[in-house]
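Computed from the coordinates by the stated procedures, all read-outs in this text should not be read as laboratory data. This is a predicted model, so every value here is computed, not measured. With ideal geometry, Cβ positions are generated from the backbone for all residues, glycine too; neighbour counts draw on all protein chains shown.
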Amino acid sequence: MKMKVIYILSALVLISTMTYCQSDFVSNVSKRGTSAAPFLEISEGAKATAMGSAFVAISDDQSAFFWNPAGLAKLDGVGIIFDHTNWIAGVGYNYLAASYNLGGMGTVGFSFTSSSYGDMKVTTVDQPEGTGQIFNASDVAFSLGYAINLTDNFAIGFNPKIIYQSIWEANAMGFAMDLGVQYKTPFDGIMLGMSISNFGTKMQMQGNTTLVTYVQDATTTGINNKIPANLSTDYWSLPLIFRVGLAYSPISTEKNKLTFAVDAIHPSDNYESINVGGEYVFDDIIALRGGYKSLFLSNSEESFSLGFGLKQILLGNVAVKLDYAYQNFGRLTNIQKFSIGIAF
């Protein structure tokens, strides 16, 4: 009886939060480019990326921090994953996550995301080739996650996080929470997943970069032409994302497993879209994956994705996983993602 009450209350909290957030979601306006920290929308985990980012109902590795924190509840023992993304324009993103199963007390863990833009020249209108100064930019997110199986078929997860962005001498910080649930339906092989990501504060860039000297009109306000001033930067919301998805495994034997997944995505800074994907695993060693992202989203450069995975058991109980994903980005060519994971 107690578990049923917790189950109902947890579901009500998630639904209430999603309902409250509807004011930040879009209906017929895309609002592209109007959110802070857009790096929070870059997919994590080569497995999920290769499956067309249709992963909210699966979330069975440490990339669950990104897709659906409830998925952490199904992870056994200790697991670590490192993910590197060769992003557009030579930008690199690194993702590190670890989880530890506490048995009946649930699963805890952390994730860390950072960017690598490289050094860039400071240029001005008068010095378009550079002033001799160098600047850089960075994105960082750190989270602590927790998930628990409330019943044999229902799990819930939470993932509070800190977000930090900087460019030259300006920076911004925000706080957010990810919430998610997973439900093993009464229908054989079908999983249901829902999550809401980046529900939190707004971010505002501040720092020495916004400090300027203001030149007033000497004919009306005197001759002081160097008044210290601070440029006013606006607050920007985080990219709120609501995902709901289904995963179906029509074949699940000791040697062969076939899984299909579909996710519906409702972001605050773009139109709604659908992601679809599939995975075939042979003998729990070799996995082949494919998918398509951003179905029904007009003017999207994202499309199909492909990938594979290899798994090897060492020393009897240490599993080493290597995953690769290729995603087509149309006129922006492609991105490639590499993940390595260890579980014991």
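Taking the fewest neighbouring Cβ atoms within 10 Å as the starting point, the ordered list for R32, R331, R243 is R331, R32, R243.
As a proxy for reagent exposure, ranking W168, W236 by other Cβ atoms within 10 Å from fewest up yields W168, W236.
Candidate cross-link partners of K161 among the aspartates and glutamates, defined by an alpha-carbon separation under 14 Å and a same-chain spacing of 8 or more, comprise D139, D178. Positive-end ranking of T213, F199, Y292 along the dipole of segment 192-295, with charges on Cβ about the Cα centre, is headed by T213. Taking 19 Å as the straight-line reach from the Cα of K321, the lysines in range (excluding those fewer than 8 positions away in the same chain) are K47, K74, K255, K257, K311, K337. Once the mean 1/r over all distinct Cα pairs of segment 198-298 is inverted, what Kirkwood radius in angstroms do you read off? The Cα-based Kirkwood calculation yields 18.9 Å. So how tilted is helix 2-20 from the main axis of the chain? Cα-based, degrees 0 to 90, rounded to 10. Tilt of helix 2-20: around 30 degrees.
Around A170, with a cut-off of 15 angstrom between Cβ atoms, what is the net charge of the other residues, counting Lys and Arg +1 and Asp and Glu -1? It works out to a net charge of -3. Taking G130, G77, G309 in turn, the Gaussian network model of the chain (Cα-Cα springs below 10 Å) assigns the largest fluctuation to G130. This model, with +1 at the C-beta of Lys and Arg and -1 at the C-beta of Asp and Glu, gives segment 169-258 a dipole about its Cα centre of some 280 debye. Based on alpha-carbon atoms, the Kirkwood radius and the radius of gyration of segment 148-251 give Rg/Rh equal to 1.36. The convex hull of the Cα atoms of the chain, projected and averaged over all directions, covers 22.1 nm².
Looking at the chain as a GNM with Cα springs under 10 Å, which of V320, V244, V91 has the largest mean-square fluctuation? Maximum among the listed residues: V91.
Express the relative contact order of the chain as a whole percentage, based on alpha carbon pairs under 8 Å and six or more residues apart in sequence. For the chain, the relative contact order is 20 percent.
Every pair of different Cα atoms in segment 255-344 enters the Kirkwood calculation, which places the hydrodynamic radius at 14.8 Å. Note on segment 105-208: the alpha carbon radius of gyration divided by the globular reference 2.2 N^0.38 Å gives 1.61. Globularity index of segment 56-140 is 1.61 (Cα radius of gyration / 2.2 N^0.38 Å, N = number of residues). From the alpha carbon centroid of segment 70-139 to that of segment 281-344 is 18 Å.
For the chain, set up a Gaussian network in which alpha carbons nearer than 10 Å are linked by springs, and say which option among N171, N136, N299 fluctuates the most. Judging by the Gaussian network model, the answer is N299. Cα-based radius of gyration for segment 288-329, normalised by 2.2 N^0.38 Å, reads 1.69.
Relative contact order, whole percent, for segment 135-215 stands at 25, derived from Cα pairs under 8 Å and 6 or more residues apart.
When the charge dipole of segment 85-178 is built from unit charges on Cβ atoms (+1 for Lys and Arg, -1 for Asp and Glu) and taken about the Cα centre, the candidate among N159, F110, Y100 whose Cα reaches farthest toward its positive end is Y100.
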